[in-house]
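Read the structure below first, then the notes.
The values are calculated or read from the model by the stated rules, or taken from the named source; none is laboratory data. Predicted model only: the values in this text are computed from it and were never measured. Note: ideal-geometry Cβ built from the backbone for every residue, glycine included; neighbour counts use all protein chains shown.
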Amino acid sequence: MKEYRADLHIHSVLSPCASLDMSPDNIIKSATEKGIDIIGIADHNTTKQCGVIKQLGEENDVLVLCGAEVNTKEEVHCLAFFENDKLLNDFQIYLDQHLPVVKNKPELFGDQIWVDKYNNILGEEDRLLIIGLNQSIDQVANKVESLGGIFIPAHVDKSRFSVSSQLGFLAADLNVSAVEVSRLVDMEQFSEKHKWVNDYSIVANSDAHTPDQIGSVNTSLLLNEATFNEVKEALLGKNGRKIININLYS
């Protein structure tokens with residue numbers, strides 16, 4: 001087995017809050033330049049840009065986990081990733097069913113377009129993607145579990161849009177692969193105040209919105225090879241696969 005560096009929280013051009021420079025080619029280029037072996041594409045409440053980035057990743061020896069950063073009814077952000085296109089499509093249908101119809105205002109929130117590998121626009125999402133679904137964190141976690149996915153509550157230490165800020169704790173019966181902390185976390189202080197976090201594997205990711213941020217925070221994983229299932233086992237600490245370290249200042 002060998003060490004792989006992973007950044008599992010990257011926004012593409014499709015997220016209204018991300019730079020228009022976050023095109024598929026720029027994302028893969030930045031990942032390879034910074035020695036990142038595995039990335040996770042996590043646009044807000046949509047998976048529609050994932051396929052093109054996954055294709056470019058395969059061409060450049062970067063494993064791309066496809067999914068979304070889901071905003072739950074409680075305004076808790078969670079990462080969800082899926083093994084193949086069918087499962088990803090099933091989750092996109094779920095997102096479309098439960099995203100409230102609120103029209104995006106690009107001049108206020110940003111553009112919501114997705115593009116091909118040559119940066120030609122393929123479509124534009126009219127609904128505002130950054131609002132909460134009409135589904136609770138329990139319901140989202142159960143859906144991800146039913147599709148065999150990876151479920152990671154995002155930046156749990158942040159004062160907004162996190163488990164700690166919105167709920168105060170993480171229910172023990174949720175099927176969670178790991179929890180994510182932000183670059184600014186003081187792990188000793190946070191784990192003392194929120195003792196529930198000690199029950200979970202910890203990852204750190206960049207939450208990149210611009211190309212220069214990709215890989216700036218990452219997680220080292222011990223894997224036999226770079227595959228979805230190997231990453232999932234490492235997050236759960238199974239079969240010798242494991243998290244080696246979180247790198248907050250790469």
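Considering only residues that are more than 15 Å from the chain's Cα centre (by Cα) and crowded, with 21+ Cβ neighbours inside 10 Å, which ones fall in region 57-89? Even if it seems obvious, please write down each step before you answer.
We begin by selecting, within region 57-89, every residue more than 15 Å from the chain's Cα centre (by Cα); these are 57-62, 73-75, 84-87, 89.
Within region 57-89, just GLY57 meets the criteria.
Among GLU107, GLU75, GLU69, GLU124, which is the only one that is at pLDDT below 95 and either of a type outside the set (S, T, N, Q) or touching a Gly at 6+ places or on another chain (Cβ under 7 Å) (or both)?
Step by step, each of GLU107, GLU75, GLU69, GLU124 is checked, and only GLU107 is at pLDDT below 95 and either of a type outside the set (S, T, N, Q) or touching a Gly at 6+ places or on another chain (Cβ under 7 Å) (or both).
For SER159, indicate whether it is of a type in the set (Ser, Thr, Tyr), under 24 Å from ASP7 (Cβ atoms) and either in contact (Cβ under 8 Å) with a residue 60 or more places away in the chain or surrounded by fewer than 19 Cβ atoms within 10 Å (Cβ to Cβ) (or both).
yes
Just give me the residues in region 122-137 being exposed (fewer than 15 other Cβ atoms within 10 Å of the Cβ), outside any strand (DSSP E or B) and acidic (Asp, Glu), in sequence order.
ASP126, the sole residue that qualifies.
What tally of residues in region 236-250 results from selecting those that are closer than 11 Å to ALA204 by Cα and of a type in the set (Val, Ile, Thr)?
Residues in region 236-250 being closer than 11 Å to ALA204 by Cα and of a type in the set (Val, Ile, Thr): 2 in total.
Which residues, taken from region 107-121, are surrounded by 13 or more Cβ atoms within 10 Å (Cβ to Cβ) and of a type outside the set (D, E, K, R)?
PHE109, GLY110, GLN112, ILE113, TRP114, VAL115, ASN119
Yes or no: region 126-140 includes at least one residue that is touching a residue at least 40 places away in the same chain (Cβ under 8 Å), of a type in the set (S, T, N, Q) and closer than 26 Å to LEU221 by Cα.
No, there is no match, as no residue in region 126-140 is touching a residue at least 40 places away in the same chain (Cβ under 8 Å), of a type in the set (S, T, N, Q) and closer than 26 Å to LEU221 by Cα.
Is it the case, given these coordinates, that ILE93 is aliphatic (A, V, I, L, M) and within 16 Å of CYS66 (Cα to Cα)?
yes
Would you confirm whether any residue within region 196-219 is exposed (fewer than 15 other Cβ atoms within 10 Å of the Cβ), at pLDDT below 95 and within 17 Å of ASP157 (Cα to Cα)?
yes
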